[in-house]
1. Under a point-charge model restricted to the Cβ atoms of Lys and Arg (+1) and Asp and Glu (-1), what is the dipole moment magnitude of region 229-318 relative to its Cα centre, in debye to the nearest 20?
2. First obtain the Kirkwood hydrodynamic radius of region 229-318 from its Cα pairs, then insert it into the Stokes-Einstein equation at 25 °C and 0.890 mPa s, and state the resulting D in µm² per second as a whole number.
3. Among the aspartates and glutamates, which fall within straight-line cross-link reach of K41, defined as a Cα-Cα distance under 18 Å, with same-chain neighbours fewer than 8 residues apart omitted?
4. Measure up K98/K184; K116/K312; K104/K211; K116/K272 against 28 Å on the Cα-Cα distance and list the ones that go over.
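Just so you know, all these numbers are worked out from the coordinates, no wet-lab data involved. From a predicted model like this one, the values you see are computed outputs, not experimental measurements. A quick note on method: Cβ atoms are made from the backbone with ideal geometry, for glycine too, and the neighbour counts reach across all protein chains shown.
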Amino acid sequence: MKRIALTLILLGVTGCTMTEEKSAIKPIEKPLPEILNAEQKAFMEWTETHFASFLDRSEYASLSESDRESLESRWLDLLQSSQGGSYYNAIAGLAAIKSEKAVKPLLTIATEQVEKDNRGRWMATRALGILGDESAVPELIHLIYHYNQNTRFWAQISLVRLTGVNFGADWRRWGRWWNENREKPPFSSDKIAWTSRAEWADEQMQRQTDKAFLARYAKPKTTVPSCPPQTCIVSFEAIYPFQPETAGQLLNAFHEEHPDGVRTHHYRFEVKRDALIGYICVDTEADTDAICSMLNESDRLRLVEAVLASEKDLQRLYQMGQPSLQR
């Protein structure tokens with residue numbers, strides 16, 4: 001009898017161990033391993049270079065416990081405020097100190113179903129991956145097809161960090177994997193309507209936009225001293241809730257954020273899908289990069305496209321004529 005009882009106990013212990021191993025998720029600490037695909041790596045490097053002033057919070061790594069608690073409390077309060085420098089600093093700071101209390105409010109910011117400025121959204125999405133709480137996974141999966149490029153890439157990167165697997169932009173496969181391997185919280189396959197703009201919600205168009213962006217901005221740049229000027233046409237539009245009614249209002253917003261020392265010329269505009277689209281010419285690669293970075297960081301404007309212009313493209317743009325800035 002003792003031998004049988006001992007065998008049953010051992011079997012019970014073994015069963016518990018197997019269950020624990022099956023359900024355990026080991027979050028990946030930075031730097032991420034080779035499990036990231038090339039696009040995810042490139043986008044992560046680009047973001048953390050261009051938004052370094054918002055994301056680098058290494059000064060908080062060696063805080064005392066009392067200082068940590070004081071900052072955590074203040075930052076959690078700031079998450080209730082409107083967007084701005086202190087708000088973004090709070091998101092990055094809470095990630096840096098690995099605040100468990102921040103998971104729920106950050107998930108609310110990341111998954112709020114309204115069209116808004118998305119810097120807070122993608123920063124919260126990034127922070128959730130760093131915090132390592134796997135309960136965020138089912139909701140983060142739905143951000144893979146969000147209309148904001150930063151958000152959908154950081155959803156992928158955070159999911160890799162949280163789960164140790166990688167299904168790229170295939171949000172349905174992420175969902176199936178989660179439900180087959182984890183019991184709670186369950187993933188719902190019902191698609192979320194993040195935007196009323198059909199072209200922004202089109203997943204094929206999102207993939208094309210992402211590839212075009214990475215092809216231009218994420219690859220290593222080579223310097224050719226004798227490289228002649230090359231004119232690019234950069235197009236941009238307003239981000240809700242900024243809704244300019246005239247070309248002049250759109251141009252004023254552009255000028256207010258225009259980088260110093262960058263030359264642009266031949267502003268034009270047209271109306272597409274009841275929205276104003278602005279066009280500007282930029283003559284060098286460095287200036288084009290500066291304008292595109294400005295648009296990607298703007299709270300009011302977003303980059304639509306930057307294309308190297310042919311002579312035919314420039315003639316077509318010039319023929320649009322100088323707009324009346326009052327209309």
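1. Numbers: 8 positive and 16 negative charges, 70 e Å.
That gives a dipole near 340 debye.
2. On the way: Rh = 13.1 Å.
After rounding, the answer is 187 µm²/s.
3. Of all the aspartates and glutamates, those that pass the test against K41 - Cα under 18 Å, at least 8 places apart if same chain - are E29, D56, D170, D210.
4. Numbers: K98/K184 22 Å; K116/K312 37 Å; K104/K211 32 Å; K116/K272 20 Å.
Violating the 28 Å limit, Cα to Cα: K116/K312; K104/K211.
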